[in-house]
Amino acid sequence: MVENRRWIDILTHVVLIVGIAIVALPIWITFVAASHDAVRMTQAPLPLLPGGHFWENFTATLFGSGLSGTEIAPVWRMLLNSLAMALMIAVGKIAISIISAFAIVYFRFPFRMGFFWLIFITLMLPVEVRILPTFEVVADLGMLNSYVGLSLPLIASATATFMFRQVFLTIPDELLESARVDGAGPLRFFWDILVPLSRTNIAALFVILFIYGWNQYLWPLLITTDTSMTTIVISIKQMLEAAEQTPQWNIIMMTALLAMLPPIVVVITMQKLFVKGLTETEK
Amino acid sequence: MASITLENLTKSYGDTEVLHHVHGQIEDGEFIVVVGPSGCGKSTLLRMIAGLETITGGQVHIGDRVVNDLEPAQRDIAMVFQNYALYPHMTVRENMAYGLKIRKFSKAEIEARVREAAEILEIGDYLDRKPRQLSGGQRQRVAMGRAIVRHPKVFLFDEPLSNLDAKLRVQMRLEIRKLQKRLGVTSIYVTHDQVEAMTLGDRLMVLNKGYVEQFGSPIELYSRPASVFVAGFIGSPAMNFLPAHAEGGRLTLENGAVIASTTAASGPVTLGIRPEHLVADSQGPIRLAVDVLEQLGANTLVHGVLAGTRTDLTASLEGVRDIPGGQELAFSAPPEALHVFDRATGQRVGD
Ligand SMILES: Nc1ncnc2c1ncn2[C@@H]1O[C@H](COP(=O)(O)OP(=O)(O)OP(=O)(O)O)[C@@H](O)[C@H]1O
Ligand SMILES: [Mg+2]
């Protein structure tokens, strides 16, 4: 826009600031609540400025046994569980779908389109729909309360397969042909050409899938009965309902803050690649 | 180094045959240009030789091996693609080294070969750049470099210059020619540009709708085209074609004019005469009703019709001329400049 009038400038800024305020307010409140002691948090009105107990709460939450009077695992343990689950889901989904897309795009085999549609149909079967049979299978395989059980059923991904398929379709055929003339077999072509060329797309998917994995609620809730396997997202809810006490808001909010951290770190470190992966079309 | 033999090659996609019984013997070190209009099957033929396209029928020999069932990498060929097909994420050096790396050459050997190729092609300065940081011409050189480092038995080129501007194309054409002479590697080069074909090839294979129309040296194709198609395709400006009736060596044109020739053909024929072979001659039998002029500086192209007919006729006159439209010019043509083709089949007849 070449519009250069002053009041438009002011207006756009006002709109933006209001927008940011709306998004940031809950996070601010979380932060403020995490920096007061338990007593202050039960008094009205709620504080709007940070208090002086931030580090105290921080160490108590992260390394203490979390909420006093409950047998919830320490928060660092739950962060670790969440991290393991989110990483396994993200890496697993990417690995599986890039390989299936490779097979579907570059190999001629019987029922190729059949498999393609089969994968497509799984789009209509998210975890929530198939949760009972999936639970049954995972239980029968003895994978309850394990990282594999947490992540494996969530790994198959039609969406990511499609995305890689689209990416591969934009890679010119001549590249495959010149790799063949150079003597590269299918696996070399995959590792040396396809994977590097899909780098930005892999990064973008990683960010999305990591957050997807991190935010999983229903499935982990179902299959983890052992408190040492609980994920952080679940534990926040459990803390709220912790038996017969007023919620300890300072600890809960600190946990929420900690739970927000890893996704933020992932987004910030991969931001550049992420944007490239979603916008770049030229190969 | 190797000779190549194409034996009765055919290619079908489903029920449509796109190449029909292609024969050809290519000698060691020869530069062959496959030329023809778009869609005639040039790329298909080249890709069958490369091993990128399955062979429906017939055989391809490279050296003394039948290569029909070999992978491209086993055929000892290198190919240069129209859009270069450089690996975008590798530097120029890595692009050239990739094939050697797969073949497990030693580091020192790879470095030596890349250096040698870079020197020949004068791309030493950009070895550490990525392809997207290069101009079209430079990418073209890298693509050639990638072919050279392998020291293959055969070079295959699929319209490698068609993405370059006209001036660069002429320059690269010359360089490719020199390079091929210097390395002495048997080469097959596909193009639809007849000038490129004439200047590059030791011999030209003219393809039309999947048939080989003629396979011979540029001069042979120019002076004794085997069919109306070749005659019209080779040479610029294009040959004139006049319907005529042949009898006893005399050719009678539509407008009744009679041209003396040595042809043994009789019946309805197509007479071909190149514009540059029409000789201005006030007593000549071929009368041209002038329509427009094209001034090329060194010569002038006179476009018009054969007097009294609607058949196009073009003559090429030396120097700058100024001839008003509507005027009639008379020409004659020496018997050796007359090409007689069967009217129905388009094949050369009568000599
Ligand atoms: N995969 C395919 N399936 C069906 N027909 C094909 C296929 N590939 C090529 N053809 C047909 O084969 C014929 C020859 O194609 P080819 O690419 O060899 O032409 P070409 O001479 O290289 O043309 P151009 O100068 O435009 O590159 C064309 O008529 C084309 O339609
Ligand atoms: Mg082609």
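Region B:304-351 and region B:1-38 have Cα centres spaced 34 Å apart. Rounded to whole numbers, the Karplus 3J(HN,Hα) couplings from phi for region B:297-312 are x, 5, 8, 10, 8, 9, 9, x, 10, 5, 3, x, 10, 10, 7, 4 Hz, using 6.51 cos²θ - 1.76 cosθ + 1.60 with θ = phi - 60°, and x at Gly and Pro.
Segment residue B:177..residue B:236, full-extension length gain: 19.1 nm, with 0.36 nm per residue of separation and the alpha-carbon distance subtracted.
Sequence-ordered 3J(HN,Hα) estimates for region B:320-325 from the Karplus curve with 6.51, -1.76 and 1.60 and θ = phi - 60° stand at 8, 10, 10, 10, x, x Hz, glycine and proline given as x.
Once backbone amide H atoms are built at 1.01 Å from N, residue B:34 has B:189, B:190, B:191, B:205 as its partners under 5 Å, excluding neighbours fewer than 5 places away on the same chain. Taking a threshold of 25 Å on the Cα-Cα distance, which of the pairs B:101/B:130; B:104/B:178; A:272/B:107 fall above it? Pairs exceeding 25 Å: B:104/B:178; A:272/B:107. Spin-label pair residue B:291-residue A:39: with each label point 7 Å from Cα along the Cα-Cβ axis, the two points sit 10.6 nm from one another. Highest mobility in the GNM of chain B, judged by mean-square fluctuation with C-alpha springs under 10 Å and restricted to B:70, B:100, B:288, is found for B:70. Size descriptors for the protein assembly as shown: radius of gyration and Dmax over Cα atoms are 37.5, 123 Å. Bridges between two residues of the protein assembly as shown, per DSSP, are antiparallel at a rate of about 75%. D by Stokes-Einstein for chain B, Kirkwood Rh over Cα pairs, 4 °C, 1.567 mPa s: 57 µm²/s.
Accessible area of residue B:47 (1.4 Å probe, protein heavy atoms only, ligands and nucleic acids ignored): about 50 Å². Each residue of region B:107-118 in turn: what ³J(HN,Hα) in whole Hz from Karplus with 6.51, -1.76, 1.60 and θ = phi - 60°, glycine and Pro shown as x? Using θ = phi - 60°, the values come out as 3, 5, 5, 4, 4, 5, 5, 4, 4, 4, 5, 5 Hz. Taking the square roots of 5 times each eigenvalue of the Cα gyration tensor of region B:108-248, largest first, gives ellipsoid semi-axes of 38, 16, 11 Å. In region B:238-342, the ratio of gyration radius to Kirkwood radius, Rg to Rh, stands at 0.97 when only Cα atoms are counted. Averaging 1/r over each pair of different alpha-carbon atoms in chain A and inverting the result gives 22.2 Å, the Kirkwood hydrodynamic radius.
Seen from a random direction on average, the alpha-carbon convex hull of region B:18-129 projects onto 9.0 square nanometres.
Shielding by partners for peptide B:92-104, expressed as the average number of C-beta atoms from other protein chains within 10 Å of each residue's C-beta, is 3.
The values are calculated or read from the model by the stated rules, or taken from the named source; none is laboratory data. Every value quoted in this text rests on a predicted model; they were computed, and no experiment measured them. Cβ: placed from backbone, ideal geometry, glycine included. Neighbour counts: every protein chain shown. Just so you know, the surface numbers come from the protein's heavy atoms only, side chains and all, with ligands and any DNA or RNA stripped out. Shrake-Rupley method; radii C 1.70, N 1.55, O 1.52, S 1.80 Å.
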